[in-house]
Every structure is written in C-alpha cells, then in structure tokens.
Amino acid sequence: MYVFAIATLLSLGVLAVAMMVRRFVYENQRPEMWMLLLTLLGVGVAWIADFSMWARWGIDVRADWIGITLTGLALGGMAQIWHEVVGLAAGLERKYNDEAATLERAEELRRIA
C-alpha cells in the first residue's frame, strides 16, 4: 500500500514539473509531446530515486533496470491521470463559480442583450 502511495505522490510531482516546463519552455505543443514529456520525466524520476515498484512488491523482473524503467513509465501514465483529474476539478470550479456573473454582480452591470 505504501508503494502505491509513493508512486502516486511521485507522479503528482512529475505532473507539477511537467506543467512548469510546459509553461516556461514551450506553450504551443501537440498532445504527443505532452505525453513524451510526462514519460521522460517519469522515467527520470524513477531512475533518480532508484525506485522500482516491482522490487518493492516482491515481483521478479529480468533485470533491475527494467523494473525501474517500467516504474518510470507507470509514473508518467499516472501523471497523465492526475492531469485529467486536475483539469476536471478546474472545470467544475469554473462552472460553479461563474466569473462573468461574479463580475457583473460586483460591478452592478445590467444585461443589455
């Protein structure tokens, strides 16, 4: 259970770094580049942390580097899931807190059309 929690939090960190890279390095990107960025960051984090979910769960893999690389791929995939969940929450927040209606009430504007 702790291994899954560690992987989940690491993937959230991967998402945060990927969003900063997307914001400051290149904004107009294709979805394929976004997934490549998440995958590369996930594999990089797994290698830096020397973290293999498979070894922690006691599942044998052919070599240690394969377990670490597969963990990195899983981290990248989980970061994509986090991205969709965060987008859903942001969309719901915008839906329920309509900014235009809030501005109209604050400025006491009337509807013309």
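Among the residues of segment 69-90, what is the count of those that are free of Cβ contacts under 8 Å to residues at least 40 places away in the same chain and crowded, with 21+ Cβ neighbours inside 10 Å?
Residues that pass the stated criteria total 1.
For residues in segment 1-46 being polar (S, T, N, Q) and either out of contact with any Leu (no Cβ under 6 Å at 6 or more places or on another chain) or in a loop (DSSP other than H, G, I, E, B) (or both), which is nearest to G76 (Cα to Cα)?
In the first step, residues of segment 1-46 are kept if they are polar (S, T, N, Q); the result is 8, 11, 28-29, 39.
Then drop every residue that is not either out of contact with any Leu (no Cβ under 6 Å at 6 or more places or on another chain) or in a loop (DSSP other than H, G, I, E, B) (or both), which leaves 8, 28-29, 39.
Details: T8: 10, N28: 20, Q29: 17, T39: 4 Å.
That would be T39.
Restrict the check to segment 55-62 and report whether at least one residue is touching a residue at least 24 places away in the same chain (Cβ under 8 Å), aliphatic (A, V, I, L, M) and in a helix (DSSP H, G or I). So that I can check it myself, show each step before the final result.
Just the residues of segment 55-62 that are touching a residue at least 24 places away in the same chain (Cβ under 8 Å), to begin with: 56-57.
Narrowing the set further to residues that are aliphatic (A, V, I, L, M) leaves none.
No, every residue in segment 55-62 fails to be touching a residue at least 24 places away in the same chain (Cβ under 8 Å), aliphatic (A, V, I, L, M) and in a helix (DSSP H, G or I).
If you take the residues of segment 22-46 that are in contact with a helix residue (DSSP H, G or I) (Cβ under 9 Å, 6 or more places away or on another chain) and aromatic (F, W, Y), which of them is surrounded by the most Cβ atoms within 10 Å (Cβ to Cβ)?
W34
Residues to consider are A55, A49; find the one that is within 15 Å of G76 (Cα to Cα) and either buried (at least 16 other Cβ atoms within 10 Å of the Cβ) or modelled with pLDDT of 90 or more (or both). Before you say what the answer is, go through the steps one by one.
On the way: A55 fails: within 15 Å of G76 (Cα to Cα).
Exactly one residue qualifies, and that residue is A49.
The values are calculated or read from the model by the stated rules, or taken from the named source; none is laboratory data. Model, not experiment: these values are computed from the prediction. Please note: Cβ atoms are built from the backbone with ideal geometry, for glycine as well, and neighbour counts cover all protein chains shown.
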